[in-house]
Amino acid sequence: FDLYFRKNPFGGEFTVFAGLEECIKLIANFKLTEEEVSFIHKSLPGSCEEGFLNYLREIDCSDVEVYAISEGTVVFPKVPLLRLEGPVAVVQLLETPVLNLVNFASLVTTNAARHRLVAGQSKMLFEFGLRRAQGPDGAIGASKYCYIGGFDATRWFADNVAAGRLFGIPLRGTHSHAFVSSFMSPDEILERSLCSSDGSSTCEDFVTLVHSWLSKIQWLKSLGGIFGETNQSELAAFISYALAFPNNFLALVDTYDVIRSGVPNFCAVALALSDLGYRAVGIRLDSGDLAYLSSEARKIFHTIEKELGVPGFGKMIITASNDLNEETLDAIRKQGHEVDCFGIGTYLVTCYAQAALGCVFKLVEINNQPRIKLSEDVS
């Protein structure tokens, strides 16, 4: 039997083959339990012979040979991805599971590769799709195959930590909007001290240090007074997060107002961390005009680096998410932007542009005689 597909997905010119590892695991461990055989017996007509049931109890894939293209290889229509040789009844039983394992895997991997091509090699790509995927199996599988297709990591905060554990995929992410909106004011922060990165000193009131930096930013003439009174509950959330993760401070800045609150609040906390020898990671944008907001945020970062003499501040990482797909990535690129990392979810893991790859599994030889199924389709 040969497994192949007839047409490249997404109107494209290539496909990336994936799912081989799971197929090999299936074939290597294929065995029916007594409970499963009993269910089959009940489902079949009463004329089913006991000999057939005994055959099912003993069946395995020890006589099956698998020939395959390497997983992760670029492949093309009508070229066999898998060839299975063995007893016809046994290999026929493998048709549905191997098609299931290859179809979705190859489709998602190809989709990920296409997003990588649009984004370019210099950008980081994070898979953010668990919440919108077709169930837990679809989510776990999508994380794995997006990684094979060229993504750099999956999202860790309250999302796909399982994929990281199972497959060794790097985990990246930020706090949530709910984390930000759950705070009321900096007065809620009870533990305010933070040790310096080298452990040589301790800042007893990190909250006050942050406020002093925020005041300096607000009075910078070079920023033209664009910062007024920022949202203090958001600032409290950022401070709390920085106290917990001073080496990994990446803030989600669009809960209230990106430019007038989120970015200056982030900068104040990042500058306070810098005083103690830490380096903030950057920000994430999850709504609005991503190209414009990323460019404006970058300008602010560069201004702060120049005016306040903080080396490297202008190179803060800017991550963008919010229902991104190939088309929006291309549009953002054409507009000009300052995004370093993209978090892509729904359109990636659900393969929104095409529901299935359409692999088929056909008998091509039996007893050394070639066989072919002819289609009534003109093509």
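The values are calculated or read from the model by the stated rules, or taken from the named source; none is laboratory data. These numbers come from a predicted model, not from an experiment. Cβ: placed from backbone, ideal geometry, glycine included. Neighbour counts: every protein chain shown. Areas reflect the complete protein model, heavy atoms only, side chains present, ligands, DNA and RNA absent. Shrake-Rupley method; radii C 1.70, N 1.55, O 1.52, S 1.80 Å.
Anything over 27 Å Cα to Cα? Flag those among Lys25/Lys123; Lys31/Lys78; Lys7/Lys31; Lys42/Lys362; Lys216/Lys334; Lys216/Lys299, in the order listed.
Pairs exceeding 27 Å: Lys25/Lys123; Lys31/Lys78; Lys7/Lys31; Lys42/Lys362; Lys216/Lys334.
About the Cα centre, and with charges only on the beta carbon of Lys, Arg (+1) and Asp, Glu (-1), how big is the dipole of region 174-344? Nearest 20 debye, please.
520
Using amide H atoms built 1.01 Å from N in the peptide plane, name the residues 5+ places from Val16, or on other chains, whose amide H lies under 5 Å from its own.
Val75, Thr110
At q = 0.07, 0.12, 0.13 Å⁻¹, what log₁₀ I(q)/I(0) does the chain have when each alpha carbon counts as one equal point scatterer in the Debye sum?
-0.46, -0.92, -1.02
Using amide H atoms built 1.01 Å from N in the peptide plane, name the residues 5+ places from Arg284, or on other chains, whose amide H lies under 5 Å from its own.
Ala251, Leu252, Val253, Thr319
Just the accessible area for Glu36, please: 1.4 Å probe, Å², rounded to the nearest 10?
Taking all protein chains as shown, Glu36 has close to 80 Å².
With every protein chain left in place and a probe of 1.4 Å, what is the accessible surface of Arg371, to the nearest 10 Å²?
130
Of all the accessible heavy-atom surface of region 174-344, with the other protein chains kept in place and a 1.4 Å probe, what percent is carbon and sulfur? Present the calculation step by step, with values, prior to reporting the outcome.
On the way: 3760 of 7340 Å².
In region 174-344, the share of accessible area belonging to carbon and sulfur is 51 percent.
Leaving ligands and nucleic acids out of the surface, order Met316, Met124, Met184 by accessible area at 1.4 Å, largest first.
Met184, Met124, Met316
So with the 1.4 Å probe, I'd like the accessible area per residue for region 47-177, rounded to whole Å².
Computed with neighbouring chains in place, this is 48 Å² per residue.
Less than 14 Å Cβ to Cβ from Val258, Lys/Arg counted +1 and Asp/Glu -1: what total charge do the surrounding residues give?
So the environment of Val258 carries a net charge of -3.
Accessible area per residue, 1.4 Å probe, Å², for region 233-334: what's the number?
35
From the backbone phi of region 64-74, what are the Karplus-calculated ³J(HN,Hα) couplings (6.51 cos²θ - 1.76 cosθ + 1.60, θ = phi - 60°) in whole Hz, Gly and Pro given as x?
Each residue of region 64-74 in turn: 9, 10, 10, 10, 8, 6, 4, 4, x, 7, 6 Hz.
Collect residues whose amide H, placed 1.01 Å from N in the peptide plane, falls under 5 Å from the amide H of Asp257; neighbours closer than 5 in sequence don't count.
Gly262
Tell me the mean residue ellipticity at 222 nm calculated for the chain from its helices only (DSSP H runs of n ≥ 4, each -39500 (n - 2.57), averaged over every residue, nearest 500).
-12500 deg cm²/dmol
Can you find, among Cys61, Val88, Pro9, the residue farthest towards the positive end of the dipole of region 1-139? Put +1 on the C-beta of Lys and Arg, -1 on that of Asp and Glu.
Positive-end residue among those listed: Pro9.
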